[in-house]
Amino acid sequence: MTVSVPETAAKPQKGFKLDFKTAGPLIALILLVILGYSLNPAFLNEGNITNLLTRSAFIGIIAVGATFVITAGGIDLSVGSMAAFIAGMMIIIMNSAVSSMGASVWTVLLGVGCSLILGIGAGYINGFLTTKAKIEAFIVTLGTMGIYRSLVTYFADGGTLSLNSGAREIYRPVYYDSFLRVPYPVWVFILVAVIGWILMNRTAFGRYCMAIGSNEQVARYSAIKVDRVRTWTYILQGLCVSLATIIYVPRLGSASSATGVLWELEAIAAVIIGGTMLKGGYGRIGGTVIGALILTAIGNILNLTDIISNYLNGAVQGVIIVAAVYLQRGSFKRAVRKKAE
Amino acid sequence: MSIKTLTMALVATTALAVPALAQEKIKIGVSIPAATHGWTGGLNYHAQEAEKRLESTYSNIDIILVTADSPADQAGDIEDLVSVQQIDALVVLPFESDPLVEPVRQAKAAGAFITVVDRGLPDASIQDVYVAGNNTELGATSAEYFKTRLGEGDNIVILRGIPTVIDTERFDAFMAGIEGSGINVLDNQFANWNRDDGFEVMQDFLSRFPDIDGVWAQDDDIAMGVVEAVRQAGREGEMFIVGGAGMKDVIKGIMDGDELIPVDVLYPPAMIATAMDVTVANFLSNGPVAGSYILGAPLVTKDNAAQFYFPDSPF
Amino acid sequence: MSDAVSTSVPAILSANRISKSFGDIPVLFSIDFDIRPGEVHAIIGENGAGKSTLIKILSGIEQPTSGSITYDGKTVVLPPNGQAAAMGIVVIHQELLLAEHLSVADSIFLGRELRSGPFLQLKEMREKTREILAALDVNIDPDARINTLSVADKQMVEIAKAISRDARVIIMDEPTAVLSVAETKTFFEQIRRLTAKGVAVIFISHKLDEIMELADRVTVLRDGQLIATVGTENLTPDSIAQMMVGRELSNLYPPKHEPDVDAEVLLSVRGLSAPGISDISFDLRRGEILGFAGLIGSGRTAVAEAVVGLTRKTAGTVTVRGAPADYTHVAQSLDAGLAYMTKDRKGRGLLLNAGLQPNLTLLTLKKHMKYGFLDGRSEEQALDRAVRRFDVRARDPSVAVGKLSGGNQQKLMLGKTMESDPDIVIMDEPTRGIDVGTKQQIYHIIAALAAEGKAIIVISSEMQEVIGLSHRVVVMRQGRMAGVLEGAEISEAEIMRYAAGIKQGGENDRLSA
């Protein structure tokens, strides 16, 4: 079937095709925004948009990390518990720092530093167990998920760990203040997304992730250090969880066993809605960002209207998630068909 | 981390091993949900405190405390308490009432004295004693307070818990209580007894409604999230918030005269301790104990807050 | 050849003036084709000539744009999705489509299990399987798992499956591509047994000698056109090849340039043992092509994988340019200028879902970095270069590599391997399953690389290829070196003697001729 057309031509087509693939989730988001606005014009108020973006930052940042893990053919179920655990440890560490040397900017920086170390460490453990101990990622992270969740419960004695009020006041602006009218969490989100995009599309690491997820054997025969790259995806995921936690803690100044429940599923959903393949081999950071926005917007719209019974919120979310993915897959197929005609 | 986990495991094994030595003791099994949110955290704390207190006071009482993650888990726990531990009495706070009817009935058939806490079983003949907080009264007490602060044409929003019987009882009683007062409920949404959800739902209420005079958050965890959202919007002066349960941070705030959360309605996790006391009394006092003990849902204000303040409790 | 089939017997399956286009691109132009019961009819043509499309139409997987299909005397529209199998038209694909973890009996009855009520009749299915396998005169355990079978046995299972469906027409896409000489022989006997029972066999192959041996008639396609349908008795391999490519194929193999006697030894292996092989010793000099011959499973690939560090060696030494080469990872061998091109281009060589460019540069991404970032332009230039140098033909460079023809995939993989600019190249089955025109191209590329001063190992199951290319030949047998041949000794008969274990030894004194 390869009618031999020489190597010329076809370069512009590449850009066009890429556009089309991104369009699916974007269309879903635009439809959702129109729906939100028509149900309640307050949806597009600056305040609400700011809330929505800030809120999506947690899931979004974690989902950027998850994009790498999933692209490389892995999965990380532990992120929600990991976030709760890191948040809890940050609060314990900052509280004890306050009691020994008083509250200052250094207290907060100490907490942030510990968060980064814990995140990277937790990611490394997941990576090590999947690559070196050769246990399926699903099982490893299911295990660490339970471990982190019960550790938080244990450290909080089943209750809530609350940040010392002195440290809280110093830390609080990290969540609530803005730069150029954009809240800091959103800046962090933007930064993580941009770096993630570059890493995925403009570095060897991203290419290796796609190769490994697409066919591990091919990657191995192509001189790629499969285990090392895989482990790095989990470390990156841990780092993203840590960053999300750093902007989460100042919001409520507390952590409990209820913190971050189901974040792992939301993050994975955001990744898939965005067009990354669950079985690996193909990752899209831009889509993930849109996926996170879609998920947050659904909850936001449901809160802004009362035309749907409260009891059906979960059903509405489910329908929109499935529809968004259908739109993305459907449009992709249509593009192929168009090409064939 | 690992050392701490190990210690936990050791403590757990020792706790289980010791009672096996003394045979003639009265064994009381206590089955409650695991500490998955603030209120159950408090429940676990009070159960453990009561266990320590009762065992040190009465040398012939042996209490076995087990926590469950799901109704099925709890059913298994109760079967084990009956068959392995051969308990003389069972204190149970059911995850859900219906699925636990049969396991509890079997414990009863094996001769155990049954105390049911908080969530009553549909077949009341199984339980010897019923100790409960009063969800209906929690709603009603809250409604009474709202009526004292607000009147005709004032707007409130309601943040509810998880769709369950407890939530419905509270909500229905509240709505009945404010009926005819002219207080206008703008909307109600579920916040799952969770701080983060409380924060997000309240953020959305704040962008949706320009005029809110009061928030009934129904639970202190939700209320904590609501407070942050209101502070973020800078609308603290405009409204007040009422939660429920009696979380120590909230009680402390009331003692200190917080304007934003001026009162709380009690739904104390300490009820498990009451139930355990009552059960022990059945064995150690002269006459048998039976009947229902419905705890009140009193309004906690600045004046009486100190007596509900447990600084050591995690909740 | 079964001369029994006379032209008077009516065709069981025929295609009448079939045309097919995908979108705007015509692939087949008005093809006539027919097959009679008991006949072996070969379809032959270069990559992209339209062979695969024709068999897809003959089996109902694709519908023709115009033209009709006649089956058993009636004009029919064949049902899609392989349902034609129920009508007696069965396709055996090049990549055997067997579920690796099922047993042989399960595989044969997959999709139409014998049942009583909701329960499987396991015993009956096993018995039936045993009967069918016995009729084929093959010795395979009905309970064996598919993934424990050799490729040849898997093929037999596919054939058994076809027979169990009472197939009247069996279509085979390059069935011998993965078979060794001995296995091919048994396979041909099976085919003859089938045709004797009146089964019609359509057969795609690139191996002209096999076609001469097996087929009654040959249909030659070129660029979607029917060139001719000729009885095999009127053909020679040369005339078939000429019809295929439309040009004179005078020299399939380029002339050999002997390496200098004092050329530097680039790779030296002594007493190498690893999983599946033991005590392997040979030298490879600059400009030399060393052939590795032997039956499938004789350990040739295992030698290559142990040398480049894909598997761990258990004993022996490997030196590259005099330096010890104890590689634990392919990246190390690559850095030392030693590259291995796998025989499994779909499973190990190429990312089938990705485009040409990511595949080409995957091995050597480090070369395309600028300040730590990938340099897209540099990658594009590499692709342009490789496309020109290795004549990779694709409609659009962003098309998924899995959609390219086997020959173009192979050339792309060769380009990928050569991107690392190695001094030593190990090519495992470099022309498996590709047409004769592309083969010729690849042979010339290999010879040119050797002439440039690369040292090359060619592992091949095609004896002609090993003989035509190599300066020296190592013959492997059961994980050991059976012999080393050079110069005039290199002949089919001699290689066969060593490979089959009739002749042995004498390797140690001529490690480096």
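Computed from the coordinates by the stated procedures, all read-outs in this text should not be read as laboratory data. A quick note: this is a predicted structure, and the numbers were derived from the prediction, not measured. Glycine also receives a Cβ, built like all others from the backbone with ideal geometry; neighbour counts cover every protein chain displayed.
Here are a few things to note about the model shown:
- Burial order of peptide ranges A:105-115, C:467-477 (average beta-carbon count within 10 Å, highest first): C:467-477, A:105-115
- Within 10 Å of the Cβ of each residue in A:202-213, the mean number of Cβ atoms contributed by other protein chains is 4.
- Here the simple spin-label model places points 7 Å from the Cα toward Cβ, and for B:V185 and B:E144 these points are separated by 1.9 nm.
- Helix-only [θ]222 nm of chain A, DSSP H runs n ≥ 4, -39500 (n - 2.57) each, per residue, nearest 500: -25500 deg cm²/dmol
- The helix-based estimate of mean residue ellipticity at 222 nm for chain C, built from -39,500 (n - 2.57) per DSSP H run of four or more residues and divided by its residue count, is -9000 deg cm²/dmol to the nearest 500.
- Ranked packing of B:133-142, B:176-185, most packed first, by mean Cβ within 10 Å: B:133-142, B:176-185
- Calculated FRET efficiency for the pair A:N310/B:N304, C-beta based, R₀ 41 Å, to 0.05: 0.75
- Taking every DSSP beta bridge that has both ends in chain B, the antiparallel portion is near 5%.
- Calculated FRET efficiency, A:L262 to A:V182, Cβ-Cβ distance, R0 = 25 Å: about 0.40 to the nearest 0.05.
- Shape of segment B:135-265, Cα gyration tensor, a/c cut at 1.5: rounded
- For segment A:4-340, the gyration tensor built on C-alpha atoms gives an oblate shape. Its axis ratio a/c (a ≥ b ≥ c) is at least 1.5, and a/b is not larger than b/c.
- Under 15 Å, Cβ to Cβ, from B:N155 - net charge with Lys/Arg +1 and Asp/Glu -1: -3
- Structure remark: mean-square fluctuation, Gaussian network model of chain B, C-alpha springs under 10 Å; the largest value among B:Y267, B:Y58, B:Y145 belongs to B:Y58.
- Annotation: extensible slack from C:K185 through C:E124 equals 18.8 nm (criterion: 0.36 nm per residue apart, minus Cα-Cα distance).
- Charge tally around B:V250: other residues with Cβ under 13 Å, Lys/Arg +1 each, Asp/Glu -1 each, net -3.
- From helices alone, chain B scores -14000 deg cm²/dmol at 222 nm; the rule is -39500 (n - 2.57) for each run of n ≥ 4 DSSP H residues, then divide by the residue total.
- From the alpha carbon centroid of segment C:143-215 to that of segment C:72-125 is 17 Å.
- Taking the DSSP bridge list for the protein assembly as shown and keeping only pairs wholly inside it, about 40 percent are antiparallel.
- Alpha-carbon centroids, segment A:191-247 and segment C:341-412: separation in whole Å: 21
- Neighbourhood charge, 10 Å Cβ-Cβ cut-off, centred on B:D213 and excluding it, Lys, Arg +1 and Asp, Glu -1: -2
- Remark: relative contact order (segment B:135-265) = 25 percent; criterion is Cα-Cα distance under 8 angstrom and separation of 6 or more residues.
- Relative contact order computed over chain A (Cα-Cα under 8 Å; 6+ residues apart), in percent: 35
- Cα centroids of segment B:91-118 and segment B:136-178: 30 Å apart.
- B:V289 paired with A:Y37, simple spin-label distance in nm, labels 7 Å along Cα-to-beta-carbon: 6.4
- Compared with the alpha-carbon gap, the fully stretched path from C:E452 to C:A323 is longer by 44.2 nm at 0.36 nm per residue.
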